[in-house]
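The values are calculated or read from the model by the stated rules, or taken from the named source; none is laboratory data. This is a predicted model, so every value here is computed, not measured. With ideal geometry, Cβ positions are generated from the backbone for all residues, glycine too; neighbour counts draw on all protein chains shown. The accessibility values were calculated without ligands, DNA or RNA, using every heavy atom of the protein model including side chains. Shrake-Rupley method; radii C 1.70, N 1.55, O 1.52, S 1.80 Å.
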Amino acid sequence: MNRRDFFLSTAAAGVGAAVLGNALPATAESLDKTPEAKLRLACYWGGLFPAENDQDRIQKMLDMGFEGIELSGDGGGVKDKKQLFEDAGLEVCSLCFGSCGGAIVSEDPSKRQGGIDALKRALENAHYFGAKCVVYVPAFNGQTKLEHLEIRKILLDTLPALGEFAVQCNTHITLEPLNRGEAWFLRQVADGAQIARECNSEGIGVLGDFYHMTTEEPSDMGAFLSGGKYLKHVHLGNGPQPPRRTLPGQDDRPFVDGFRGLKYIGYNRFCSFECGVAGDDKLAEVKKSIAFLRREWDKAEV
Ligand code: MG
């Protein structure tokens with residue numbers, strides 16, 4: 001009997017809820033409604049491996065089994081490629097908006113509206129591409145002089161309305177926790193999920209990035225269980241030790257524990273490579289990494 005069968009057989013007596021608290025649905029009926037988890041791979045457009053032109057890049061992506069594309073910035077620079085992506089059957093899954101210089105949580109109130117407007121433009125571009133998430137970092141280190149509690153209050157005052165705007169655009173503002181070397185504010189998936197929960201908007205979610213999680217999370221599985229329904233996107237990369245932030249499988253960082261967490265929550269959104277590539281033959285290395293990830297996924301029993 002696997003873990004899922006165990007919970008199905010014991011849920012009626014409430015045993016499942018007793019074992020894992022709120023991490024899993026408590027009834028057999030709700031377990032049946034948990035979507036089937038899938039490993040759906042994406043990578044950012046224009047990088048990761050060399051290509052002769054757009055068509056060559058797309059063909060290589062399709063040959064390797066990629067289903068999605070992540071765009072950098074607000075996506076405005078590649079609007080002309082929408083049809084190209086659609087014709088290939090590749091889904092634009094995400095826009096990496098970033099922090100806009102930390103404007104929304106700046107200590108200077110006169111800068112905040114500019115950040116809000118820029119994020120709205122990114123959400124509108126996400127709607128244009130059909131992308132389900134806009135990745136948002138409140139502030140990298142040094143981008144605001146405000147303290148954590150002040151930043152958090154501004155987010156809770158600002159994000160609910162932006163979240164409703166995101167809903168209108170059929171997308172999500174996806175908060176990205178980073179490692180402490182890049183951002184002391186917002187370092188763990190659970191913290192981002194709690195901000196999303198307090199915003200009480202369907203348009204606010206959180207992201208888990210394996211690279212940052214290596215430094216900040218004591219358990220990959222625990223992080224994703226905490227993210228739960230708020231987890232809208234995942235970034236792939238290995239750890240901070242050399243070769244730093246390269247392809248999964250290019251160091252000894254395991255992915256099984258995290259993938260087990262994704263399976264528990266029925267995650268079927270995208271996992272997008274956000275990393276460099278060690279080695280001269282980058283295409284061959286990406287293929288090896290994908291094979292590694294699929295083995296890790298298969299090993300992640302639930
Ligand atoms: Mg990331």
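Apolar share of the accessible surface for the chain: 49 percent from carbon plus sulfur atoms, 1.4 Å probe. Both radii come from the Cα set of the range 190-257: Rg as radius of gyration, Rh as Kirkwood radius; their ratio Rg/Rh reads 1.03.
Between amide H atoms placed 1.01 Å from N, distances below 5 Å from Phe97 occur with Val135, all of them 5 or more places distant or on a separate chain. The residue among Ile265, His233, Ile116 whose Cα reaches farthest toward the positive pole of the charge dipole of the chain, with charges on the beta-carbon of Lys, Arg, Asp and Glu, is Ile265. Over the range 222-280, accessible surface divided per residue gives 33 Å², non-protein components excluded, 1.4 Å probe.
Each of Pro243, Cys275, Leu39 was placed along the dipole of the chain (beta-carbon charges, centred on the mean Cα), and the one lying farthest toward the positive end is Leu39.
Each Cα pair under 8 Å and six or more residues apart adds its sequence gap; the mean of these over the residue count of the range 195-302 is a relative contact order of 27 percent. Candidate membrane-span-like segments in the chain, meaning DSSP H helices with Cα atoms spread over at least 24 Å of their own axis and a Kyte-Doolittle mean of -1.0 or above, are 112-129, 148-168, 282-299, with no membrane implied.
From the P(r) of the range 183-228, could you give the percentage of C-alpha pairs in the tail past 14 Å? Roughly 44 percent, rounded to a whole number.
Here the relative contact order of the chain, from alpha carbon pairs under 8 Å that lie six or more residues apart, stands at 18 percent. Length available on full extension from Asp157 to Lys79: 0.36 nm per residue minus the Cα-Cα distance, which gives 24.9 nm.
When all alpha carbon pairs of the range 118-193 are counted in 10 Å bins from zero, the resulting P(r) reads 19, 47, 30, 4 %. Does the range 162-287 come out rounded, prolate or oblate, given a ≥ b ≥ c as the square roots of the eigenvalues of its C-alpha gyration tensor, rounded meaning a/c under 1.5 and, failing that, prolate meaning a/b above b/c? In terms of gyration-tensor shape, prolate.
Between rounded, prolate and oblate, where does the range 83-132 land on the alpha carbon gyration tensor, with a ≥ b ≥ c its root eigenvalues, rounded for a/c under 1.5, else prolate if a/b exceeds b/c? It comes out prolate by the Cα gyration axes.
Put simply, the amide H of Val92, placed in the peptide plane, has neighbours under 5 Å in Ile69, leaving out anything fewer than 5 places away on its chain.
Distances between placed amide hydrogens fall under 5 Å for Ser272 paired with Ala42, Val234, His235, Leu236, all partners being 5 or more residues away or on another chain.
Dipole check for the chain: with +1 at the C-beta of Lys and Arg, -1 at the C-beta of Asp and Glu, and the Cα centre as origin, the magnitude is about 280 Debye.
Compactness ratio for the range 233-272: Cα radius of gyration over 2.2 N^0.38 Å (N = residue count) comes to 1.24. Sorting Lys38, Lys82 by accessible area puts them as Lys38, Lys82; the probe is 1.4 Å, largest comes first, and only protein heavy atoms count. Here, the chain is characterised by an Rg to Rh ratio of 0.97, where Rg is the alpha-carbon radius of gyration and Rh the Kirkwood radius.
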